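To start, the structure under review is shown below, and the notes come after it.
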């Protein structure tokens, strides 16, 4: 009987161990499920927080972009006005000095100077009549039609500006 009692005790110990193991396993599964749910909740909260922060940054960037557009348009308009004034001043200077060209080089060259003065003044008037958007579109169209000329003009202007700023140091 001792053998049977020992087997019964061992069997009941195994059953109890299995029961405890299964209970521990179920408890671990429940803990993992709770941890998973908590992780999902936290991830959703962080995702929402990041999305709102990103939306805020996008809104701020758009606002800065709009401010930059407005400021750029103001500066372009101001530059257009100053360029027109500069062309008019140049036209006036050439016209005022045309009589000296007449005296030194002849009437034919003085007429060229007056004609140049009128052309420059005409360019100033055309510049005043056009909006900044029209000028930008004209520039784009020129580059599309004559990319070689546009590149050459850009190179010459760049060279002149580098000389101008190098000399001002």
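The values are calculated or read from the model by the stated rules, or taken from the named source; none is laboratory data. Here the structure is a predicted model, which means the values were calculated and not measured. Counting neighbours? That spans all protein chains shown, and the Cβs are built from the backbone with ideal geometry, glycine included.
Among the residues of region 72-109, those identified as surrounded by 13 or more Cβ atoms within 10 Å (Cβ to Cβ) and under 11 Å from residue 121 (Cβ atoms) are 84, 87, 88, 90, 91, 92, 94, 95. Within region 118-151, the set of residues being part of a loop (DSSP other than H, G, I, E, B) and farther than 18 Å from residue 75 by Cβ comprises just one member, 146. The residues of region 152-169 that are farther than 26 Å from residue 73 by Cβ and surrounded by 11 or more Cβ atoms within 10 Å (Cβ to Cβ) amount to a single one, 152. Within region 83-100, the presence of at least one residue that is touching a helix residue (DSSP H, G or I) at 6+ places or on another chain (Cβ under 8 Å) and not in a helix (DSSP H, G or I) is confirmed.
Taking residue 62 as the residue in question, decide whether it is within 44 Å of the chain's Cα centre (by Cα), closer than 30 Å to residue 134 by Cβ and part of a helix (DSSP H, G or I).
Working: within 44 Å of the chain's Cα centre (by Cα): yes; closer than 30 Å to residue 134 by Cβ: yes; part of a helix (DSSP H, G or I): yes.
Considered against the rule, which asks whether it is within 44 Å of the chain's Cα centre (by Cα), closer than 30 Å to residue 134 by Cβ and part of a helix (DSSP H, G or I), residue 62 comes out as yes.
So that you can scan it fast, the table gives a plain yes or no per residue for (1) at pLDDT 85 or above; (2) within 38 Å of the chain's Cα centre (by Cα); (3) farther than 26 Å from residue 132 by Cβ:
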residue: 47; (1), (2), (3): no, yes, yes
residue: 85; (1), (2), (3): yes, yes, no
residue: 95; (1), (2), (3): yes, no, yes
residue: 103; (1), (2), (3): yes, no, yes
residue: 112; (1), (2), (3): yes, no, yes
